[in-house]
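See below for the structure under consideration.
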Amino acid sequence: MMTNLFSIFDPSTNLFNISLNWLSTLLGLLFIPYSFWLIPNRHFILWNYLISKLHSEFKNLLGSNKFFGSTFIFISLFSFILFNNFLGFFPYIFTSTSHLTISLSISLSLWLSFMCYGWINNSHHMFIHMIPQGTPNILMPFMVLIETISNIIRPGTLAIRLTANMIAGHLLLTLLSSTGISMPNYFIIILILIQILLLTLELAVAVIQSYVITVLSTLYSSEVN
């Protein structure tokens, strides 16, 4: 019996005091052998097409100062988040991206690497970026303070955006499904249709959130060059 609604996001399944729910994060490694097939299937052809489109878009976002192969870091990030978002739609599989442990670890590590690289190699550019062009002299201290705060909270906003969107949809699906026990039969059919529509919306949210997190990380990376 579920005593707490948020227990569906709690990685409490364990064996010999070892949490097993986090193993779902590594299931994406099973799809790596697809790339070594001599005759790729339709799934791999579609995935290659998607990766090529993402590569061209991230290359434009990074600008002319990008490093060779840097787009593949963000493509890997997109693939990782997208796969783990989709895993949450299968029964009895823990959605690791709905937990701040994963989302904050990803966003904080990316943000720290961007900040360390920017302040060590492009400190003059980082100082200039704190004050927008055309700012009056009297407002410069306030703009520096605002830009500093907005820069510091970036990893938190990235993590909370991903976690909150994944939790909200799953909670809504759980709440609606739990009310079906006390409903008449004709209402259950309507409830099933609503659940299907919500599941379709959640599929779109899983893709959109993966894309948004990756694009924002790409934009943050382009600011330090």
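The values are calculated or read from the model by the stated rules, or taken from the named source; none is laboratory data. Just so it is clear, the structure is predicted and the values come from calculations on it, not from any experiment. Here the Cβ is made from the backbone with ideal geometry for all residues, glycine too, and neighbour counts use every protein chain on show.
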>> For the structure I just gave you, tell me whether F89 is surrounded by 14 or more Cβ atoms within 10 Å (Cβ to Cβ), part of a loop (DSSP other than H, G, I, E, B), in contact (Cβ under 8 Å) with a residue 40 or more places away in the chain and not acidic (D, E).
In response: yes
> Which of the residues belonging to segment 99-154 are in a helix (DSSP H, G or I), closer than 30 Å to L26 by Cβ and not hydroxyl-bearing (S, T, Y)?
Replying inline: L100, I102, L104, I106, L108, L110, W111, L112, F114, M115, C116, R154
>> Of everything in segment 105-142, what is among the small types (G, A, S) and at negative phi? Give them in sequence order.
In response: S105, S107, S109, S113, G118, S123
> Say we look at segment 92-111 and pick out the residues that are of a type in the set (G, A, S) and in contact (Cβ under 8 Å) with a residue 12 or more places away in the chain; which of these is nearest to H170 (Cα to Cα)?
Replying inline: S98
> Considering segment 179-225 alone, what residues qualify as being outside any helix (DSSP H, G or I) and of a type in the set (A, V, I, L, M, F, W, C)?
Replying inline: M183, V224
> What are the residue pairs meeting all of these: first residue in segment 180-205, first residue within 30 Å of L162 (Cβ to Cβ) and modelled with pLDDT under 80, second residue part of a helix (DSSP H, G or I) and not aromatic (F, W, Y), Cβ atoms under 7 Å, and 6 or more apart or on different chains?
Replying inline: G180/I188; G180/L191
>> With the structure loaded, tell me whether T174 is surrounded by 12 or more Cβ atoms within 10 Å (Cβ to Cβ), of a type in the set (S, T, Y), in a helix (DSSP H, G or I) and under 14 Å from the mean Cα position of the chain (by Cα) or whether it fails that test.
In response: no
>> Can you confirm whether I51 is aliphatic (A, V, I, L, M) and closer than 13 Å to I213 by Cα?
In response: no
>> Quick check on segment 135-151: of everything there that is closer than 23 Å to V224 by Cα and surrounded by 12 or more Cβ atoms within 10 Å (Cβ to Cβ), which residue is modelled with the lowest pLDDT?
In response: T135
> Of the residues V144, V207, which single one is out of contact with any strand residue (DSSP E or B) (no Cβ under 7 Å at 6 or more places or on another chain) and closer than 30 Å to I51 by Cβ?
Replying inline: V207
> What residue, among those in segment 152-167 that are buried (at least 18 other Cβ atoms within 10 Å of the Cβ) and not aliphatic (A, V, I, L, M), is nearest to I102 (Cα to Cα)?
Replying inline: T163
